[in-house]
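Enquirer: The structure follows.
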Amino acid sequence: MNLLEKIIETFDGQIIDEYDITHYKIPGKKYDIQLNSRREWSCDCPAYRWQKKSKIKSCKHIKWAKAKRFEWLVGS
């Protein structure tokens, strides 16, 4: 486990870097899910990277991160 993974684990699976990008980690997965300052989601998993150009680009990891962010915002 590297330092970034340890920090993300400590802060409930998310961290904001110096570029205002929020990084999410799913426990047990190595993928980095990101939400940038323009509110665009991205993931480095193969399912996301190999999708064709479309208006809505997503994967199950992004759906998980969106649900986790929603829970945090509403205080559940």
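Enquirer: I'd like the residue in the range 35-49 that is among the small types (Gly, Ala, Ser) and in contact with a Lys or Arg (Cβ under 9 Å, 6 or more places away or on another chain) and, out of all such residues, is modelled with the lowest pLDDT.
Expert: Ala47
Enquirer: May I ask you to verify whether Ile16 is surrounded by 13 or more Cβ atoms within 10 Å (Cβ to Cβ) and closer than 17 Å to Trp72 by Cβ?
Expert: Answer is no for this residue.
Enquirer: Separate question: Go through the range 50-73 and give me each residue that's surrounded by fewer than 10 Cβ atoms within 10 Å (Cβ to Cβ) and either at pLDDT 90 or above or not in a helix (DSSP H, G or I) (or both).
Expert: The answer is Trp50, Lys52, Lys53, Ser54, Lys55, Ile56.
Enquirer: Here are the criteria: (1) touching a Phe, Trp or Tyr at 6+ places or on another chain (Cβ under 8 Å); (2) β-branched (Val, Ile, Thr); (3) at pLDDT below 85. Tell me which single one Ile15 does not satisfy.
Expert: That leaves (1) as the condition not met.
Enquirer: With the requirement that a residue be surrounded by 15 or more Cβ atoms within 10 Å (Cβ to Cβ), more than 9 Å from the chain's Cα centre (by Cα) and in a loop (DSSP other than H, G, I, E, B), what does the range 22-49 give you?
Expert: Selection gives Cys45 alone.
The values are calculated or read from the model by the stated rules, or taken from the named source; none is laboratory data. Model, not experiment: these values are computed from the prediction. Here the Cβ is made from the backbone with ideal geometry for all residues, glycine too, and neighbour counts use every protein chain on show.
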